[in-house]
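Some notes on the structure that comes next.
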Amino acid sequence: MSRVGIAGAGSIAFGSAALLHVNGHDPMLWSPSGASTRALEDAPLTATGAIEIRFAPAIATSARQLCDDNDAILIALPGYGHKAVFDALAPHIRDGQHVIVSSHASFGAVYLTRLLDARGITAPITAWGTTAVTGRRGEGATVTVNTVRGKVDLCTVPETRADCARAVCTGLFGDVFVPRDGLLAIMLSNLNPQNHLGIALGNITRMERGETWSQGQNVTPKVGALLEALDAERLAIADALGLQTKTIFEHFSASFHVPMSSISEMNQQMHAQGNGGTGPATADSRYVTEDVPYGLVPTAVLGRLAGRPATLHEAGTQIFGAMYGRDFTAENDILNALDLTGHTLDDLRGAARTGLLRKTPEPAN
């Protein structure tokens, strides 16, 4: 049995804790604000759906306790909370302590590696392309787990620790992990930002009105066509970088166990089977507030550096900016802290292998 500290206390954190418990491990949850774990003080965590379990996870009261009391750390909260949590955890992470980011946002593993390197600490940081579970937190200490994914892409920085890190992930969460060729591949293997862009644009009035609506059912043919076009942009960037990543068709088939067809038809099958999911009931949804700055914007950065501009991704960012009256391109605090100004694609490739962003020496004349 391993002890796993989970930074976060939302739907993915609760679902991941349930999966770890079912797999025979000992999860501990930490809410940076303390508010999200308050319900667990009076009731056990109850998971329903793909995982049916009722148990009382341990609760950490500080970042130090989360690191001190656990063998590994799982980051399981929205991308806009990653930098603050990295800042809180970095002073307490031990040499060799495994950190898993579920799922990786932007260049977060590079940012955390920089913080640890400043302390002289080397710890393997594993980036997942998506989460091990999907679900939605309910009232109090409850979570509905919609699905346990059959495949999860991952990579580790530094890459020399990749085999060991995959073994740790497999021991904790099961044999579902597919190694990818570095951090840039993982960034491009996270399909949520592009998919949520199309879904939110096509259903923004439902979100604003707080309606209850089936996400799968409302990936209609035209919304599905937009998702396929966004996917083509992402795959073109991966191809220009010489990277392999799954297609949107492979993603839906592996994650939701439906045969490959058009994206709209696959989502209709998911809806018919009861696992199409429920769409956001608020405009203040991570589909926009997280996935635009921490998903679409980094993809656009890679596209420009690779010579494959992601015009639909960039247009979506601007359209949402107009809708929300916000400059989403400026909201990625990890990108802002790393400051990629003057860095080249080779610099990013080096960071994807080592975790450290350094300027590549220019060839001698």
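The values are calculated or read from the model by the stated rules, or taken from the named source; none is laboratory data. Please read these numbers as outputs of a predicted model, since none were measured by experiment. With ideal geometry, Cβ positions are generated from the backbone for all residues, glycine too; neighbour counts draw on all protein chains shown. Protein only, heavy atoms only, side chains kept; ligands, DNA and RNA dropped before computing areas. Shrake-Rupley method; radii C 1.70, N 1.55, O 1.52, S 1.80 Å.
Choose one of MET323, PHE86, GLY174: the residue whose Cα lies farthest towards the positive end of the charge dipole of the chain (beta-carbon charges +1 Lys, Arg; -1 Asp, Glu; about the Cα centre).
Checked the options; the winner is GLY174.
Hey, if we sort THR144, THR341, THR113 by accessible area with the 1.4 Å probe, largest down, what's the order? Spell out each step's value before the answer.
Details: THR144 60, THR341 110, THR113 20 Å².
Of THR144, THR341, THR113, the descending order of accessible area is THR341, THR144, THR113.
Using a Cα-Cα cut-off of under 20 Å, which aspartates and glutamates could be cross-linked to LYS359, ignoring same-chain neighbours fewer than 8 residues away?
Partners found: ASP117, GLU159, ASP339, ASP346, ASP347.
Can you tell me the dipole magnitude for the chain around its Cα centre, using point charges on the Cβ only (Lys, Arg +1; Asp, Glu -1), in Debye to the nearest 20? Kindly include the intermediate steps, with their values, before the conclusion.
Working: 28 positive and 35 negative charges, 21 e Å.
In debye, rounded to 20, the chain gives about 100.
What net charge is computed for the residues neighbouring LEU112, neighbours being all others with C-beta under 11 Å from the C-beta of LEU112, Lys and Arg scored +1, Asp and Glu -1?
Overall, the nearby charge balance is 0.
From Cα pairs below 8 angstrom and at least 6 apart in sequence, can you work out the relative contact order of the range 35-112, rounded to a whole percent?
Value for the range 35-112: 26 percent.
What do you get for trypsin sites (Lys or Arg not before Pro) in the range 257-327 restricted to DSSP loop and a cutoff of at most 15 other Cβ within 10 Å of the site's Cβ? Display every interim value, and only then the final one.
On the way: sites: ARG286, ARG304, ARG326; in loops: ARG326.
Passing both the DSSP loop test and the Cβ count: ARG326.
Find the centroid of the Cα atoms in the range 278-333 and in the range 174-208, then give the distance between the two in whole Å.
Spelled out, the Cα-based centre of one part sits 12 Å from the other.
So what is the relative contact order of the chain, in percent, for Cα pairs below 8 Å that sit 6 or more residues apart?
15 percent
With a sphere of radius 15 Å drawn around the Cβ of ARG166, what net charge do the other residues whose Cβ falls strictly inside it have (Lys, Arg +1; Asp, Glu -1)?
Result for the neighbourhood of ARG166: -2.
Can you tell me which lysines have their Cα less than 23 Å from the Cα of LYS246? Leave out same-chain residues fewer than eight positions away.
LYS151, LYS222
Run through the DSSP bridge list for the chain and note the antiparallel percent, rounded to the nearest 5.
35 percent
Run the simple label-point estimate for ILE319 and THR212 please: 7 Å along Cα→C-beta, distance reported in nm.
2.9 nm
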